[in-house]
Structures are given as structure tokens and as C-alpha cells.
Amino acid sequence: MREAEVSRKTKETDIKIKLGLDGTGVSKVDTGIGFFDHMLSGFAKHGFMDLECSVKGDLNVDGHHTVEDTGIVLGQALKEAVGDKAGMVRYGSFILPMDDALVLCSVDFCGRPYFSYDLNVKEERCGEFETTLAREFFYAVSYSAGINLHLKQISGENGHHILEAAFKAFGKAVDAATQLDPRVQGVLSTKGNL
């Protein structure tokens, strides 16, 4: 089983994540922000990853540290869980429809972080979640995991639908990229190293 357990404690947050890549999509998420819990549960469910995520953050300030630091720890867990990436497909993409929203997510577990974010959410909040924090979360995941991550909104008006499509598409793309293929000898790179 490709799994990881990562903890991170600062003056602003205390986070524990357990991630299993070869799971069934079971999750137990408590970040203190209901909408964010919903998004992370959707990521796990649709990516067939088992996820336990416990976050205590300074929500009396706002949600920024909680969301960004969760992205950092999830990225570290992804990096640890894929290990040396031997036999892994490496690339994954998914276009996910969610009612009016259509969002594309593409990832490359190349070891070189790059992040492109093209979501246009007009609402300032979805529940207690500040919608601008979605960008901070995905950026943190990308750089901590060392992955190339592109999110592109193809269509959509409703902020809830756009963000939910993004999180689910991210789960599907990660699932695709982390699949093992017996044709891949070592790592999938002409350099021989990722």
C-alpha cells in the first residue's frame, strides 16, 4: 500500500493527514470549515484515496492559514505516498462536469512544481470558505508535492459547482497519474529520474 502520514504544527495550525493512494475513497475530514471538508471529501472519494485529515487552525483570524497549511501537508503526503514513482503513469487529466460548471485538471508528478489556475469564482464565500483560498490551497499542494498542476474552468457560473468540480477533477487526475502500469520500467522519463 502506498500510504503516508504527515503532521505539521505551527503557532497557526496543527495538522495531521493520513493518505492512502490505493484506497476506496473513504474519508474522515475535520478542518473546522464545513465547505472545505466537503471539498476534501470529494477529492478523496472521486480519487479513490483514503484520507484522514484533522486540522486545528486559527479560524478566529480567518481561514487562510488553515486552508493553505492543509495544502502544504496534503502535498507532502502525496509526495511521500508516491515514493520513488517506479512503475507510475505519472500524468493524469480529467474534465469534470458539475451542473453548469466544467473544469479541467491536469497533473504531472515530475518533481518540478508548476501551478496554473484559471478558475473564475464570482462569489466571495461558499459557506464559511473564502473562495480565494482555493487558489492558495492548490498552489500549496503543487509546490509541496513537486507536481505540475493545471486547473482550467471551461464553463460555469455557480461558485460552489466550479470549486467542487475542481476538487473532484483534481482527485480524478491524481488517481490517473498515480496508477501503476507494468509497461513502465523504473520511472516514466527519458532522463531516467523524476
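At a glance:
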{"read-out": "The one condition in (1) assigned to a loop (DSSP other than H, G, I, E, B); (2) surrounded by 18 or more Cβ atoms within 10 Å (Cβ to Cβ); (3) not aromatic (Phe, Trp, Tyr) that residue 160 fails to fulfil", "value": "(1)"}
{"read-out": "Residue in segment 68-79 that is within 19 Å of residue 40 (Cα to Cα), in a helix (DSSP H, G or I) and among the hydroxyl-bearing types (Ser, Thr, Tyr) present", "value": "yes"}
{"read-out": "The listed residue being at negative phi, surrounded by fewer than 22 Cβ atoms within 10 Å (Cβ to Cβ), in contact with a strand residue (DSSP E or B) (Cβ under 9 Å, 6 or more places away or on another chain) and in contact (Cβ under 8 Å) with a residue 40 or more places away in the chain, out of 149, 102", "value": "102"}
{"read-out": "Scan of segment 116-150 for residues that are more than 15 Å from residue 67 (Cβ to Cβ) and assigned to a strand (DSSP E or B), ordered by number", "value": "116, 118, 148, 149, 150"}
{"read-out": "Residues satisfying the stated conditions in segment 1-38, i.e. closer than 18 Å to residue 172 by Cβ and either at pLDDT below 95 or not in a strand (DSSP E or B) (or both)", "value": "2, 21, 22, 23, 24, 25, 26, 38"}
{"read-out": "Failed item in (1) without any contact (Cβ under 8 Å) to a residue 24 or more places away in the chain; (2) under 26 Å from residue 8 (Cβ atoms), with residue 77 passing the rest", "value": "(1)"}
{"read-out": "Residues within segment 127-139 that are without any contact (Cβ under 8 Å) to a residue 12 or more places away in the chain and within 14 Å of the chain's Cα centre (by Cα), tallied", "value": "0"}
{"read-out": "Qualifying residue in segment 110-126 (condition: under 13 Å from the mean Cα position of the chain (by Cα) and within 17 Å of residue 84 (Cα to Cα))", "value": "no"}
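The values are calculated or read from the model by the stated rules, or taken from the named source; none is laboratory data. What you are looking at is a predicted structure, and each value in this text was computed from that prediction instead of being measured. Glycine also receives a Cβ, built like all others from the backbone with ideal geometry; neighbour counts cover every protein chain displayed.
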